[in-house]
Every structure is written in structure tokens, then in C-alpha cells.
Amino acid sequence: MKLINLTLASLLLATSAFAANMADDFNTIDANGDGVITPSEMATAQRESLDAQNDGIMNLLDKNGNGSVSNEEYMTFYGKLATGDKELEQVKQQFNNLDKDGSGDISANELGSFREGSLDRENTEFFQAVDTDKDGQISKKEYDAFVQGIKGLFDSAGSDYLK
């Protein structure tokens, strides 16, 4: 098992909603309605989605509702995913990495800061994969091809999310 990360939790929270709505997302992401998605429009949409995912992750992990995730709460959730001592140590280390102020708790701000840091890389990777004509924009045609590719992955896995 690779290093467990918060992407797993966000995937668990967002996969069905993402898949069910992704064909309609182009127009939402294309904020100015010009028929193409720019990196700026994608980044804005991702930040809005990230905020909602962060809230969902905090709600999932913060069992006592105090607005932060304790080491115990974190380990209760992610420790169950570890399959051995090495993976368990990785989970413990990740908690320490997220707890920037060393308080023993992960705040919503610490979680958001961690996840925000990966957003620019993810945005760049997304554009490189989907912008097939490399013009710095994602056209409706390119986006539809991407959606069909993702739909094919879900279909081959036996999922009916996009049906």
C-alpha cells in the first residue's frame, strides 16, 4: 500500500457526485461562457470544490465536533486502512506533517493549506492531459473526450455512475 493521503478521503467523498455531474460541469467551469476553460477558470472551480471537500473531510474525521482532528481521530480512520507496520508508520508521519503547528490537532486551516499546495500541480497535470491541442485552453470537444474517457473507466469497472 502506498502512502495513505487525504486524496483517498476526498475521492471517497466526491467520486459519485463527480462522476454523476461531470458531463454538465463544463458550462459551470467555463465561468465567462466563451466555450473554453482556461487555467484560471479551472483553478477557481478546483478551489471551490476543494473547500467543499475539506469541509467533508473535516466532518468525516472530527468525530467530537470540536473543529479539529486529533491524532486519535485521525488514526481511528486512517489507521484502519493501513495493512502493516510500515503503512501505520506512514499514517502517523502524515498526521505529523499535517499538524504544522505541533498542537496535536489538525485544524481546518492546516488541512486546507496542505491540500491547496497540491492544487496548482493537479491543475497543471489536468491541463496537460486534457488540452490535446496544447493551446492553453480546454475546448468543449477536448472536455467531452476527457469525460468519455473517464466514463469508459467507470463502465469498465462496472459502475453505473454516469448512466
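Odds and ends about this structure:
- Selection within region 91-118 - in a helix (DSSP H, G or I) and hydrophobic (A, V, I, L, M, F, W, C): Val91, Phe95, Leu98, Ala108, Leu111, Phe114
- Per-region count, region 78-97, residues in contact with a helix residue (DSSP H, G or I) (Cβ under 8 Å, 6 or more places away or on another chain), free of Cβ contacts under 8 Å to residues at least 40 places away in the same chain and closer than 23 Å to Asp51 by Cα: 2
- Exactly one residue out of Asn27, Asn59 is closer than 25 Å to Gly102 by Cα, modelled with pLDDT under 90 and of a type in the set (S, T, N, Q): that is Asn59.
- For region 28-63, a residue qualifies if it is closer than 30 Å to Gly79 by Cβ and in contact with a Gly (Cβ under 9 Å, 6 or more places away or on another chain), and the qualifying residues are Leu50, Asp51, Asn54, Met58, Asn59.
- When restricted to residues that are among the hydrophobic types (A, V, I, L, M, F, W, C), in a helix (DSSP H, G or I) and touching a helix residue (DSSP H, G or I) at 6+ places or on another chain (Cβ under 7 Å), region 119-141 contains 4.
The values are calculated or read from the model by the stated rules, or taken from the named source; none is laboratory data. This is a predicted model, so every value here is computed, not measured. Counting neighbours? That spans all protein chains shown, and the Cβs are built from the backbone with ideal geometry, glycine included.
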